[in-house]
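Read the structure below first, then the notes.
The values are calculated or read from the model by the stated rules, or taken from the named source; none is laboratory data. Please read all numbers here as calculations on a predicted model, not as lab measurements. Methodologically, a virtual Cβ is constructed for each residue, glycine included, from the backbone with ideal geometry; neighbour enumeration extends over all protein chains shown.
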Amino acid sequence: MNIGLPGAGIGGLYYLLCTSLMPFKELFLTLTVAEHKFRYRLVFTQVSIAVGIVIGLVAMYQVASNVLGLDLSLAAGMDGESQLFYATLPVLISLGLLLLILMLVEVAAFFQKRKAPARS
């Protein structure tokens, strides 16, 4: 992870994961809940921001690699297969943890919605 690069931290990855699941959740709610309206504008806006973040990350890597001549590889002295594994390992671990956090939040929200608050 790069500190200070927008979208590359834990919060940015969580946002990207949530926005990638957002269209599927909205479609599921639209098909299963009768009074739910699919929020096209909100989904499109959030997915557009997420795509912009990914494009920005790729562009910053390309600028640092090509224009500045920096080698941003995490495993410069290894063969191609090991280099790919070690280069993607931090991202895969972060995405796995974020997927676990997202699932726990969704399960907690599901059980929270099932409890009807007692009103007096």
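Hey, can you tell me all the residues within the stretch 66-88 that are part of a helix (DSSP H, G or I), within 26 Å of residue 14 (Cβ to Cβ) and modelled with pLDDT under 70? Reasoning before the result, please.
From the stretch 66-88, those part of a helix (DSSP H, G or I) are 66-67, 80-88; that's our starting set.
Next cut, within 26 Å of residue 14 (Cβ to Cβ) only: 84-88.
Those that are part of a helix (DSSP H, G or I), within 26 Å of residue 14 (Cβ to Cβ) and modelled with pLDDT under 70: 86, 87.
Applying the set (1) outside any loop (DSSP other than H, G, I, E, B); (2) modelled with pLDDT of 75 or more to residue 61 leaves exactly one unmet item: (2). Just one of (1) modelled with pLDDT of 75 or more; (2) surrounded by fewer than 12 Cβ atoms within 10 Å (Cβ to Cβ) fails for residue 102. It is (2). Can you name every residue in the stretch 39-53 that is at pLDDT 85 or above and of a type in the set (A, V, I, L, M, F, W, C)? Once the filter is applied, which keeps residues that are at pLDDT 85 or above and of a type in the set (A, V, I, L, M, F, W, C), the stretch 39-53 yields 42, 43, 44, 47, 49, 50, 51.
Taking every residue in the stretch 24-42 that is farther than 18 Å from residue 106 by Cβ and pairing it with any residue that is of a type in the set (Val, Ile, Thr), at least 6 positions away or on another chain, the pairs with Cβ-Cβ distances below 7 Å are 38/30.
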